[in-house]
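As structure tokens, the structure follows; a few thoughts come after it.
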Amino acid sequence: MNYDEFFQSKLDGLRQEGRYRVFAELERHRGNFPRATNHGRANKPPVTVWCSNDYLGMGQHPKVLKAMHEALDRTGAGAGGTRNIGGTNTDHIALERELADLHGKEAALLFNSGYMSNMATLSTLAAQMPGCVVLSDALNHASMIEGIRHSRARCVVFEHNSVEDLRAKLSELPPETPKLIAFESVYSMDGDVAPIAAFCDLAEEFNAITYLDEVHAVGLYGPRGGGVSERDNLQHRIDVIEGTLAKAFGVIGGYITGSARLVDFVRSFASGFIFSTALPPAVAAGARAAIMHLKQSDDERAMMHLRVSQLRAGLDALGIPHLMNPSHIVPVMVCDATLCKQISDQLLDEHGIYVQPINYPTVPVGTERLRFTPSPLHSEADIETLLSALSGIWAALKLQRAA
């Protein structure tokens with residue numbers, strides 16, 4: 001076998017399908033989010049980033065930067081080892097306490113990413129409980145799917161956000177079977193929200209553990225930023241709340257929260273935790289600063305939601321199709337991979353607007369989109385510039401407009 005030829009043929013296939021991904025080489029500007037230099041556009045002005053997961057701009061917040069600088073000067077760069085062997089720092093312990101408090105839980109456990117927290121926790125819980133059956137929402141994140149697969153437990157997929165289908169599938173399982181219901185609060189591509197209360201009702205009725213991924217909600221919803229479950233006063237009904245430090249909190253890392261016994265169980269058995277070097281203390285300090293700030297301040301959340309509503313109203317006025325949902329994610333539907341890339345390129349090259357095209361396998365073929373994430377640091381002028389650019393492109397390409 002000619003390995004290089006094989007690799008090239010697969011890459012050529014992606015290009016022919018319009019699915020080959022090109023990374024924009026961005027350099028963010030401290031204190032000037034959402035501006036960034038795109039090093040692929042030599043001698044051109046900074047671009048405006050419209051697809052960042054730094055939803056509140058906390059990656060640029062003075063409190064976060066100050067905490068990270070102080071921790072770096074105090075402790076040095078790295079953690080020095082795994083959490084089990086020399087890598088547990090006071091900043092990790094303080095952050096875990098902050099996270100447990102955020103979600104109203106007894107304990108929390110840090111991981112190096114949200115992907116790892118999902119994969120390691122789900123694989124450990126499902127593998128260790130004899131005969132466990134995992135009931136997984138059809139649109140769960142790849143990290144959740146990978147964790148369930150790795151556990152080798154039986155997985156039953158239920159229709160997305162369907163209370164009726166979940167009930168039907170739970171009712172088919174013997175009462176004594178251990179059951180784990182895994183779902184998200186805000187789904188990152190469509191922006192829709194799970195019926196958390198109804199899922200909790202079913203979990204209590206059928207004696208199942210609930211596992212809630214709040215990655216795209218922590219920091220953004222609830223009076224203290226605890227997510228949709230906090231906003232809806234449901235935290236006490238969820239067994240495991242998983243989140244990330246890499247989105248609304250502006251740094252990197254993942255975590256779970258739950259009862260002291262459950263968290264200690266994962267800490268003691270999850271290989272993804274046991275064998276990973278701990279997060280740098282400066283990262284933990286920065287995350288804690290962001291969480292502490294957002295527990296006290298609602299200004300960022302309020303402005304973000306205002307900007308979201310302004311963008312949606314503008315799109316509606318122009319007839320540019322976008323998925324309606326109750327969250328902060330605004331997916332503009334193009335529904336063609338090649339066209340989606342073309343629009344993205346035009347926005348960047350002609351208007352200095354960066355939004356990455358989203359295509360398969362992130363979303364199904366035929367549902368390609370531009371995923372906009374307005375932040376509190378986007379201005380009304382930024383929104384007007386974006387809407388004007390989209391309107392011109394839609395007209396030039398003679399694309400269909402919504403009624």
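The values are calculated or read from the model by the stated rules, or taken from the named source; none is laboratory data. Treat the numbers as computed from the prediction; the structure is a model and nothing was measured. Every residue, glycine among them, receives a Cβ derived from its backbone with ideal geometry; neighbour counts consider all protein chains shown. Side chains are part of the model used for accessible areas, which takes the heavy atoms of the whole protein and leaves out ligands, DNA and RNA. Shrake-Rupley method; radii C 1.70, N 1.55, O 1.52, S 1.80 Å.
Please identify, among THR90, THR257, THR210, the residue showing maximal mean-square fluctuation in a Gaussian network model of the chain using a 10 angstrom Cα cutoff. For the chain, modelled as a Gaussian network with Cα springs under 10 Å, the answer is THR90.
Accessible area of region 317-403 with a 1.4 Å probe: how many percent of it is carbon plus sulfur?
Numbers: 2070 of 3660 Å².
On region 317-403, the fraction of accessible area on carbon and sulfur atoms equals 57 percent.
Rounded to the nearest Hz, the phi-derived 3J(HN,Hα) couplings of region 173-178 under the Karplus curve 6.51 cos²θ - 1.76 cosθ + 1.60 (θ = phi - 60°) are 9, x, x, 7, 6, x, where x marks glycine and proline.
Scaled against 2.2 N^0.38 Å for its residue count N, the alpha carbon radius of gyration of region 293-363 is 1.32. Model label sites at GLU205 and MET324, defined 7 Å from Cα along the beta-carbon direction, differ in position by 2.9 nm.
Can you give the FRET efficiency to the nearest 0.05 for ALA94 and ARG152, using r as the Cβ-Cβ distance and R₀ = 51 Å? It would help to have the intermediate numbers written out before the result.
Working: r = 36 Å, r/R0 = 0.71.
It comes to 0.90.
Rounded, prolate or oblate, given the Cα gyration tensor of region 1-130, with a/c below 1.5 counting as rounded?
Values: a/c = 2.16, a/b = 1.25, b/c = 1.73.
Note, shape of region 1-130 comes out oblate.
Computing the accessible area with a 1.4 Å probe over protein heavy atoms, can you report the carbon and sulfur percentage for region 4-147? List each step's numbers first, then the result.
Numbers: 3910 of 7330 Å².
The C+S portion of the solvent-accessible surface of region 4-147 is 53 percent.
Cross-link partners for LYS44 among the aspartates and glutamates, with Cα-Cα distance under 19 Å and sequence neighbours closer than 8 places in the same chain left out: GLU25, GLU27, ASP345, ASP349, GLU350, ASP382.
Within the chain, which is the longest segment containing none of the GluC sites (Glu not before Pro) that sit in a DSSP loop and have at most 12 other Cβ atoms within 10 Å?
Value returned for the longest uninterrupted segment is 177-403.
Taken about its Cα centre, the chain carries a charge dipole of roughly 680 debye when the Cβ of each Lys and Arg holds +1 and the Cβ of each Asp and Glu holds -1. Across region 178-220, counting alpha-carbon atoms alone, Rg and Dmax equal 11.2, 33 Å. The Kirkwood radius of region 201-325, taken over pairs of alpha-carbon atoms, gives through the Stokes-Einstein law at 37 °C and 0.692 mPa s a diffusion coefficient of 196 µm² s⁻¹.
How large is the Kirkwood hydrodynamic radius of region 277-403, counting all unique pairs of alpha carbons, in Å?
Working: mean 1/r = 0.0615 Å⁻¹.
Hydrodynamic radius (Kirkwood, Cα pairs) of region 277-403 is 16.3 Å.
What shape does region 177-274 have by the C-alpha gyration tensor, where a ≥ b ≥ c are the square roots of the eigenvalues, rounded means a/c under 1.5, and otherwise prolate means a/b greater than b/c and oblate the rest? Before the final figure, lay out the partial values.
On the way: a/c = 1.76, a/b = 1.07, b/c = 1.65.
Oblate shape, in that a/c is at least 1.5 and b/c is the bigger or equal ratio.
P(r) for region 1-61, from all Cα pairs and a bin width of 5 Å, is 4, 15, 17, 14, 11, 11, 11, 9, 5, 2, 0 %, short bins first.
In debye, nearest 20: dipole of region 1-117 around its Cα centre with unit charges on the Cβ of K, R (+) and D, E (-)?
Values: 15 positive and 14 negative charges, 85 e Å.
Dipole magnitude for region 1-117 comes out near 400 debye.
Put simply, the Cα atoms of region 107-154 extend 28, 24, 17 Å along their principal axes, the longest span coming first. Considering all different alpha carbon pairs of region 144-233, the Kirkwood hydrodynamic radius works out to 14.0 Å. Here, P(r) means the percent of Cα pairs in each 5 Å bin from 0 to the largest distance; for region 223-282 it is 4, 14, 21, 24, 20, 13, 5, 0.
Label sites at THR82 and GLU350, each approximated as a point 7 angstrom past Cα along Cα to Cβ, lie 5.4 nm apart.
Here region 53-137 was treated as a single set of alpha-carbon atoms; its pair distances binned every 10 Å from 0 give 13, 33, 37, 13, 4 percent.
Set the Förster distance to 60 Å, then compute FRET efficiency between ALA317 and ALA168 from the Cβ-Cβ distance, nearest 0.05. Walk me through the numbers before you get to the answer.
Working: r = 42 Å, r/R0 = 0.70.
Approximately 0.90, to the nearest 0.05.
Under the rule a/c < 1.5 gives rounded, and otherwise a/b versus b/c splits prolate from oblate, where does region 329-370 land using the Cα gyration tensor?
Details: a/c = 2.44, a/b = 1.77, b/c = 1.38.
Here region 329-370 falls in the prolate category.
Counting residues in the chain as N, plug N into 2.2 N^0.38 Å and put the Cα Rg over that result. Spell out each step's value before the answer.
Values: Rg = 21.8 Å, N = 403, 2.2 N^0.38 = 21.5 Å.
Scaled against compact globular proteins, the figure is 1.01.
Which entries of LYS247/LYS341; LYS105/LYS169; LYS66/LYS105; LYS169/LYS295 show an alpha-carbon separation above 32 angstrom in the structure shown?
LYS169/LYS295
When the Cα positions of PHE33, PHE6, HIS103 are compared along the charge dipole of region 1-103, PHE33 comes out farthest toward the positive end, with charges on each C-beta of Lys, Arg, Asp and Glu.
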